[in-house]
Amino acid sequence: MVEASGATVDPDDEEGWRRLSGDANRDLSPLSQERMRETALYLWDANLLANRIIELPLAYMLAEGVELRATEPEMQETINRFWSDPINSMDVKLPKKVRELAIFGEQVWPTFVNEMSGHVRLGYLDPALIATVVVDPDNPEQPIGIVTVKDRKGRALRYRVIVNGPETVFTQRTQAIRETFADGEAFFFTVNDLSVSRRGRSDLRAPADWVDGYDQFLFGEIERYNFLRAFVWDVTITGADDTKIKQKAREIKPPTPGSVRVHNDSEKWQAVSPEIGAYESAAAGRLFRNHVLGGATIPEHWFGGGGDVNRATGDSMGEPTFKAFSMRQRFLKHMLESVGRYVIRQKLIAETGEPDWWDERLGCEAVFPEMTARDTTKYAAALTQVVTAVNSAIDAGRMSDETGVALIAAVAGRLGVEIDPEAELTAARKGKLKRQEEDSFTGPGDLVDEEDEAAQASALAAASREAGQ
């Protein structure tokens, strides 16, 4: 029978089987990905709440600037040339790149390398131009190439995703695939994704509908308040029939401001306005707003909603927010250090060839500013108390010097001073010995002048001769 035949079962061979642990499709469809990008860009541009969700973390992480430092001093000049290159202009372009990473969920930075000097310049590829992200067939967590959409001439570019190491870190099969990406190298970074996701997702994807709904709610409130300011004149005519009322309606005119209206006791004029409660609207607006801000880990008093917040509760409410910001900042640190490592690596390749991936010269560090001003008063008071308690415990023989210095170092770290307890204890002991040597004094017998010593020796010799005679 026709119904009994079909291809609903894979062929019974090894090639037709898919491992249960194999990668699954965790990405949005191309249409959904495009819609997400356009919606997020529109909301950032036109919606105040969405704009703050993107801009507030950006300001806390980058407002005072970022510094990229090489581990080896001789490589710092290479980093500085890259950072201040007139095309790179990282001080100006970095905030834009980080902003778009949050809006689009991904960033592609093609690189252009001078083969003679190894100098690196960064380009930019709009995420909308990404057609496909190719991953390692042996490791779906690792992207290896990017294919762009076709241009008007039907040509698509194939960028090799940068991995700071030799190609031998991949299998032979993966190396063969990467060789087909011959249009250049590019950095590829994603956020809000999973291990098996090929594309990133916007910070505004989840709150998009709620942010838009909050906007519509506020526009509705504007219309409602326009109605609240409107009123009508209600005129009551006593003892008039329908004909007289219609005649009066044709003759009557609303009084102008400051005019005089005269009527007998058969007419009653009253200005009537709609009674629409405002408290319910305020509570609803706060509910919608906090739903969005809570999803973005932003306290309501950061968006003009003070509520019952005081300084103490405000400080405690900000801790989850700064934890979330620190996670994103840590990822930005990885991005910049990957770029810095690539810049140094290209310099070394131009001079001596491909270095080992563990070469100490490749090291660099991205230094970010403090997100908030430290409240040093409470930590300073805590430091005083800890030092006093540690000294008492050491004098009583209940704590070792090493443990005491470690406790003091832990509190000092809150003040931004990093202390190595072992090295600090060694230095403190040396300093104590030196001060003791400087404070010690020499006895009077050791301060005899050389001339007095010679005179005493001569007198002693003379006395000995007299005794012998």
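Key figures for this structure:
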| item | result |
| --- | --- |
| Estimated distance in nm for a label pair at Gln216 and Leu287, the labels positioned 7 Å out from Cα along Cα-to-Cβ | 1.7 nm |
| Most to least packed among 289-295, 235-241 [average Cβ atoms within 10 Å] | 289-295, 235-241 |
| Full-stretch length increase - Glu402, Ala131 - with 0.36 nm per residue and alpha-carbon distance subtracted | 91.7 nm |
| Charge dipole of the range 321-398 about the Cα centre (unit charges at C-beta), most positive-ward option of Ser338, Val386, Gly353 | Val386 |
| Nearest-0.05 FRET efficiency for Tyr124 and Lys150, computed from C-beta distance (R0 25 Å) | 0.85 |
| Listed residues Met90, Ile79, Ala59: farthest to the positive end of the dipole of the range 31-91 (Cβ charges) | Ala59 |
| Projected label distance in nm at Glu437 and Asp45, using a 7 Å step from Cα toward the beta-carbon | 7.3 nm |
| Interchain or long-range residues, amide H under 5 Å from Gly145's placed H | Val134, Val161 |
| Relative contact order, percent, the range 151-204 [alpha-carbon distance under 8 Å, six or more residues apart] | 34 percent |
| Highest to lowest packing among 114-122, 151-159, scored as the average C-beta count within 10 Å | 114-122, 151-159 |
| Ordering of 99-108, 191-200 by packing [mean C-beta count within 10 Å, highest first] | 99-108, 191-200 |
| Among Leu407, Ala396, Gln436 - extreme Cα towards positive end, dipole of the range 385-441, charges at beta-carbon | Ala396 |
| Mean separation of Cα contacts under 8 Å (6+ apart) over length of the range 13-140, as relative contact order % | 20 percent |
| ³J(HN,Hα) computed for each position of the range 53-61 - Karplus, 6.51 cos²θ - 1.76 cosθ + 1.60, integer Hz, glycine/proline x | 4, 8, 7, 4, x, 4, 5, 5, 7 |
| Point-to-point label distance, Glu141-Ser326, nm (Cα→Cβ direction, 7 Å offset) | 2.4 nm |
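FYI, it's all coordinate maths here, none of it is from the lab. Note that this is a predicted model, so its numbers are computed, not measured. When we count neighbours, we look across all protein chains shown, and the Cβ atoms used for this are built from the backbone with ideal geometry, even at glycine.
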